[in-house]
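Each remark here refers to the structure printed beneath this line.
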Amino acid sequence: MPPVDPEYSLKLTQEQVKARKKRNLVLALIIVAFMALVFTITVVRLQEGVARQAWTSATETSGWETAPGIQSGEGAPPEPSTESGDE
Amino acid sequence: MTATTPAASVRDYIDLMKPRIMMLVVFTAAAGLVAAPADLHFVTSFSALLAVALGSGAAGAINMWFDADIDAVMTRTSTRPLPAGRVQPGDALSLGIFMSIISVVIMTIATNWQAGALLAFSIFFYAVIYTMWLKRSTPQNIVIGGAAGAFPPVIGWAAVTGTMPLEAWALFAITFVWTPPHFWALSLVANKDYKNAGVPMMPVVKGAANTRFQILAYTLLLLVVTAFPVFFGTGGLIYTAVAAIGGVVFLALAIRVFASKAGDADMEAKDRKTALSLFAFSILYLALLFGALIVEHAFGLHFTSPALTIWAGA
């Protein structure tokens, strides 16, 4: 048998093993929470981007007039209007 | 590590992140977030505040790692996880570095690179510029280092707008000017401890009487600085009332400390109490000021008078 590095041959007490298990459990929960958070942020930011893109292409192709000084795609999309823009 | 070393609990790792400082930092960041003139999605707001909390914790852990030698000598800090031997120094450092990276990543993907960059800078400022450099070398340590704790409202503002206008820096100025009277009130009490540990805090270097005078001077400056958000229109009537009433109480307590013997060699129990009451009230005052901004901007209670606002953005 090869000699064992003393650093890795520590005898842990029951209490220490229990504390380690608890730390590992909390770490696992944190990792899962982190994945969920990154996923949720991605979804929200993609939605913002998709809405922005739709608004940009709408203002460019539909002939809607934006307020003076506002570039196509800038500013908030208009509220759905009761008047049709085609008339 | 021997068998007699107590096992590190999850609580010890939380303590490494200085949870009480973290709460105040998140609170002031939230004030900047709601005071900025736009709305963030709930998820991105939450993520931005989480990132600030993690960044604050990361900086705290690196501070604990570097200051373990000082903390071991001082009564107040000798029971912290590192000097008490419950957490290994290397573990604290890796926790700090790893959390710094994670916090900046979360801030950047949730909001924008401007907020992420300022968060990264403030972690660096606290962990490296304050902890490793200023704290051990100059009595101005906590004056300059106070900037680290003052950045959060600007980070919160930048998270919303991607910019850092003068209104946001007015919120920065409050915590920045508040830090010296807040911290020196405590270091008057812990004067001997800092001397033993060789930390050049103001009372150790310039003496207690000089420190008490400077506490009073910074308190007067704080009264001026807390008025800036009113002129900029960030603070409404509720904020104005809190700043004015709280400011008078703060000043009264600072005058009491100035007239006391707090920090002197022959300091009595009542002097100690006087300094500690200023320390305790300073925390309450900062929380109330930023709490007022949150109430005004997040709950639609922002009433303002045109007579108060003299500057409304460039």
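The values are calculated or read from the model by the stated rules, or taken from the named source; none is laboratory data. All of these numbers come straight from a predicted model, not from anything done at the bench. Backbone-built Cβ (ideal geometry, glycine too); neighbour counts: all protein chains shown. For the accessible areas, the whole protein counts, side chains as well, though only heavy atoms, and no ligand, DNA or RNA atoms are used. Shrake-Rupley method; radii C 1.70, N 1.55, O 1.52, S 1.80 Å.
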Ranking B:S187, B:S94 from most to least accessible area with a 1.4 Å probe gives B:S94, B:S187
Kindly identify residues of the range B:79-121 having a loss of at least 50 Å² in accessible area between the isolated chain and the assembly of all protein chains, probe radius 1.4 Å. B:I109
Cross-link pairs A:K21/B:K18; B:K135/B:K195; B:K18/B:K261; B:K18/B:K273; B:K18/B:K135; B:K135/B:K206 - those with Cα-Cα distance over 22 Å: A:K21/B:K18; B:K18/B:K261; B:K18/B:K273
How large is the dipole of the range B:10-164 about the Cα centre if only Lys and Arg carry +1 and Asp and Glu carry -1, each at its Cβ, rounded to the nearest 20 debye? 240 debye
iface A-B | buried accessible area, total | probe 1.4 Å | Å², round 100 | 1400 Å²
Using the Cα centre as the reference, give the magnitude of the dipole from point charges on the C-beta atoms of the protein assembly as shown (Lys, Arg: +1; Asp, Glu: -1; all else neutral), rounded to the nearest 20 debye. 2140 debye
Packing-wise, with mean Cβ within 10 Å as the measure, how do B:193-200, B:122-129, B:57-64 rank, highest first? B:57-64, B:122-129, B:193-200
Given a 1.4 Å probe and every protein chain left where it sits, what share in percent of the accessible area of the range B:9-132 is carbon and sulfur? 73 percent
With unit charges on the beta carbon (Lys/Arg positive, Asp/Glu negative), name the residue among B:A265, B:A120, B:F172 whose Cα is farthest towards the positive pole of the charge dipole of the protein assembly as shown. B:A265
For the range A:13-52, with only Lys/Arg (+1) and Asp/Glu (-1) charged at the beta-carbon, what is the dipole magnitude about the Cα centre, in debye rounded to 20? 200 debye
Leaving out ligands and nucleic acids, note down the accessible area per residue over the protein assembly as shown with a 1.4 angstrom probe, in whole Å². 52 Å²
Per the helix-only model, chain B has a calculated mean residue ellipticity at 222 nm (DSSP H runs of ≥4, -39500 (n - 2.57) each, divided over all residues, rounded to the nearest 500) of -23000 deg cm²/dmol
Which whole-Hz ³J(HN,Hα) couplings does the range B:281-298 yield from phi under the Karplus relation 6.51 cos²θ - 1.76 cosθ + 1.60, θ = phi - 60°, glycine and proline marked x? 5, 4, 5, 4, 4, 4, 5, 5, 4, 6, x, 4, 4, 5, 4, 5, 8, 8
Can you give me the solvent accessible area of A:K22 with a 1.4 Å probe, rounded to the nearest 10 Å²? 130 Å²
What accessible surface, in Å², does a 1.4 Å probe find on B:T111, ignoring ligands, DNA and RNA and rounding to the nearest 10? 10 Å²
Its Cα gyration tensor gives the protein assembly as shown an equivalent ellipsoid whose semi-axes in whole Å, largest first, are 42, 34, 15
The relative contact order of the range B:10-164, taking Cα pairs under 8 Å that sit 6 or more residues apart, comes to a percentage of 34 percent
In Hz, Karplus ³J(HN,Hα) per residue of the range B:250-266 (6.51, -1.76, 1.60; θ = phi - 60°; x = Gly, Pro): 4, 4, 4, 5, 5, 5, 4, 5, 4, 7, 8, 10, 4, x, 6, 5, 9
Show me, for the range A:39-53, the HN-Hα J-couplings you get by feeding each phi into the Karplus relation (A = 6.51, B = -1.76, C = 1.60, θ = phi - 60°), rounded to Hz, glycine and proline as x. 4, 5, 4, 4, 4, 4, 5, 5, 4, 4, x, 5, 4, 5, 5
Of all the accessible heavy-atom surface of the range B:181-220, with the other protein chains kept in place and a 1.4 Å probe, what percent is carbon and sulfur? 57 percent
Among B:V143, B:I102, B:V160 - extreme Cα towards positive end, dipole of the range B:10-164, charges at beta-carbon: B:V143
